[in-house]
Each structure stands twice: as structure tokens, then as C-alpha cells.
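Inspection log for the structure reproduced underneath, given as C-alpha cells.
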Amino acid sequence: MTTVTTPRNSRSVVVTVAAVVEETSEARSLVFDVPPERRDEFAYKPGQFLTLRIPSDRSGSVARCYSLASSPFTDDLPKVTIKRTADGYGSHWLCDHVDVGDRIEVLPPAGAFTPVDLDEDVLLFAAGSGITPVMSILKSALSQGSGKVMLFYANRDERSIIFAAELRELASRHDDRLTVVHWLESVQGLPTARQLASLSDRWHDRRAYVCGPRPFMGAIHEALALVGMPRNKVHAEVFTSLSGDPFAPEVEQIPVGDEGSTATVEVQLDGDTHNLSWPRAATLVDVMLSKGLEVPYSCREGECGSCACTVIEGEVSMDSAAILDPEDIANGYILACQARPVSEHLRIEF
Ligand SMILES: Cc1cc2nc3c(=O)[nH]c(=O)nc-3n(C[C@H](O)[C@H](O)[C@H](O)COP(=O)(O)OP(=O)(O)OC[C@H]3O[C@@H](n4cnc5c(N)ncnc54)[C@H](O)[C@@H]3O)c2cc1C
Ligand code: FES
């Protein structure tokens, strides 16, 4: 089946499937062995994701992102969990065709849905496959942090609960710190914003991490607004399918010179400040890559959220920012892979 031997892209890595775990009748986990010489690039933060290249007779391949459900603190090997999507191509392919020993091309971990502080008390909300990044955050907080964790986890019915046994075990091992509230659509119907608000009220001063289908995320945002949680304390991960090919050989670097119209930008990245000139036709990711900076990115299409950053000063235009909520945009969040400068001078923080 998987015949990938040579990575198509200098960033991508061919990993070997070390284990396959059937989690439910609709979801399975793939555990990966990363070649020793590339392991440093696979250091990841809880909540990040991998991008997998899935063979296709129709298009050569498709790229799909899958969150790491493992924790960098408690699991030896990275693990992703895939739930079949109705009429989906990639999810069915991964559930039907992958066995132990197969090799898959992946892009290194990326994503900004990561915990701000593992010691904080947090509220976690997940529905269906949205549990994957939340599980990584949960396990990391319990093993490394000291805060209390409330997990609200919605599923269609009992049989569709992914990681049910692992959650039971964690709840009994950390009964002073972890509260798990299961919600079953088959029993309680879909949770409404009012129900979610009354459940969250006593924890409204915590930070929240949310992942699930769009209507679920909408209900959570509404509920948390009702209980007065500031929008900047609500972190959300949106699951979408990529439409482009981030595995395509690297595009030629954009020449960044003083020709043509340029802006200037001060970028804060990993504690360092970089002053760059920013041609108006280039995106911030292009400019930073051309300067050899380790800007976080994955899809470069405005679909994965890896390159999210904040404009502190100045204005940008974006071709596509559909994954950002209007509130995110109002709070200055942008996607660096889509952003081009409008102002003369900008300050941006990753
Ligand atoms: C950051 C992030 C993290 C995510 N984490 C997870 C996770 O942890 N778990 C999880 O389950 N999902 C996750 N997802 C969602 C995941 O990436 C996919 O969107 C999901 O699995 C659905 O993909 P699919 O291909 O099955 O479905 P679809 O994308 O709905 O498949 C249909 C699409 O495939 C095309 N298609 C159909 N047949 C073919 C063919 N033969 N060749 C090529 N194309 C074809 C169709 O034209 C259509 O566009 C995440 C997404 C993101 C962005
Ligand atoms: S790199 Fe995926 S949204 Fe920018």
C-alpha cells in the first residue's frame, strides 16, 4: 500500500507506522516512528498537528492535517487519531489502507492551539474527533502542571467516545484535579449555548480550549460570552481539509529587495526582534522565510492556523482569513501566510 520512499519537500519526513489502534468503529490512531536523524524536528507542543500526504489515483495525493493526540510529556512516540468523515476521502483512506510498517510522508508538527500555561486551571471543550488536540493538552497539563482541568466532551452516543477508557483512568488517577463531563447527543440532544453557559458559569475565570464541529464551536463561543469570559481567553482549533498541496517542492523564494514598494516590519519571534523590509506583494511568511527565519507555517493557504500572529501596530490585508472569527480579527490576529502590508510600518508578534 503506502509506497512513499522519497520526500517531495525538504521539510517533509517519511515516518513508519509503529502501531495502529482501533479506537472506535469510526476512529483509529496511527503511532509513528520518526527516523532518528529527524527526531529534533518532531519535538512538538501539546495541541499541535501533523500534515499527512495521502496517495490518490485522482490527484496524485491530498494533504490532510491531524492533531497529535499524544502528549510530548507522557508518550514516547507521536500519535494522530483519525475519525471517518462522511463521504471523506483522506480519513477513509487512512482508516482503510494503513498497516503497521507502512511509510507515510508527513510535515513536521505545526499549529498555535497550544496551552499558554500548563499550571493554569483550564476548561477544555471537545466534540467528536475534536478530542485529539484537547487530549494532548489534558495529558500534558495533568503530568506537567498543577492546575485543575474540567473537560466537557460531547459525542453522538456512548460507542463513539474516543479515548473513553484512557479518560476514565486519568479521572480516577487525578480525581482531585480532573473533572470529565460527558454529553451524549443520543441522550441529551445537541448542547445549547444556554446549557453550556450554566455548566461553565462556575469556571468562567479560567482559560478555555475548544475543538469540534463548527456548530459546537459556535455554541461554546456564545456560552462563554454569556458567562463573561473574555474572548482572548478562548482558544479554538478549526478542523478543515486543505485544498492545496503543502508537499509540493518549495516555491522559489521571493526576492526581497528595496525595488518596488516596501513597508517595514518589526517582528517578535521566540523572544527575538527582527526588523525587516516587507515588499507589498509578498506575504509575511514569504518574507520571513527569505530571511532564513523559522516562521511557523504549514499549509500557506490560510487553512490550518499555524502561522497565526498578532498585529500590535499597523494594518495588513489578507486574501483569505476564513478560519479566523471576526472577534479574532478585531483582536489583531492575522495569518502571516496571507498577510500583506497596508501601513508603512508594522509591529507583529508571534
Ligand atoms: C489543524 C487541523 C487538525 C485536524 N485534526 C484532526 C484530527 O485530529 N482528527 C480528525 O479526524 N480530523 C482532523 N482534522 C480534519 C482533517 O484534516 C480532515 O479535514 C478530515 O479527516 C476530513 O478529510 P477527508 O479527506 O476525509 O474528507 P473531505 O475533505 O470532506 O473529503 C472530500 C474531499 O476529497 C476530495 N476527494 C474525493 N475523492 C478523492 C480522490 N480519490 N482523490 C483526491 N481527492 C478526492 C473531494 O473532492 C473533496 O474535496 C484536522 C484539520 C485541521 C485543519
Ligand atoms: S500556514 Fe496554514 S494558515 Fe498560514
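The values are calculated or read from the model by the stated rules, or taken from the named source; none is laboratory data. In this text the structure is predicted, and so the values were computed from the model without any measurement. Here Cβ is always computed from backbone atoms with ideal geometry, including for glycine, and neighbour counts include all displayed protein chains. Side chains are part of the model used for accessible areas, which takes the heavy atoms of the whole protein and leaves out ligands, DNA and RNA. Shrake-Rupley method; radii C 1.70, N 1.55, O 1.52, S 1.80 Å.
Quick rundown of the values:
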quantity	calculated
Sole residue being touching a Pro at 6+ places or on another chain (Cβ under 6 Å) and surrounded by fewer than 17 Cβ atoms within 10 Å (Cβ to Cβ), chosen from E22, E41	E41
Contacts under 8 angstrom Cβ, first residue in the stretch 121-149 being more than 23 Å from Q188 (Cα to Cα), partner among the acidic types (D, E) and surrounded by 24 or more Cβ atoms within 10 Å (Cβ to Cβ), 6 or more apart	P133/E237
Residue, most open to solvent (accessible area, probe 1.4 Å), within the stretch 274-286, restricted to residues that are outside any strand (DSSP E or B) and over 10 Å from A336 (Cα atoms)	A281
Filtered residues of the stretch 51-72 (kept if aliphatic (A, V, I, L, M) and either within 16 Å of ligand 2 (Cβ to nearest atom) or in a loop (DSSP other than H, G, I, E, B) (or both))	L52, V62, A63, A69
Selection from the stretch 304-320 of residues that are of a type in the set (V, I, T) and open to solvent by less than 50 Å² (accessible area, probe 1.4 Å)	T310, V311, V316
Pair list, Cβ < 6 Å and 6+ apart or interchain, from the stretch 214-239 residues that are under 14 Å from E327 (Cβ atoms) to residues that are open to solvent by 60 Å² or more (accessible area, probe 1.4 Å) and part of a helix (DSSP H, G or I)	R231/E327
In the stretch 94-109, residue nearest to ligand 1 (Cβ to nearest atom) [restricted to those that are under 23 Å from G212 (Cβ atoms) and open to solvent by 10 Å² or more (accessible area, probe 1.4 Å)]	C95
Tally of residues being touching a strand residue (DSSP E or B) at 6+ places or on another chain (Cβ under 8 Å) and within 14 Å of ligand 2 (Cβ to nearest atom) across the stretch 329-350	9
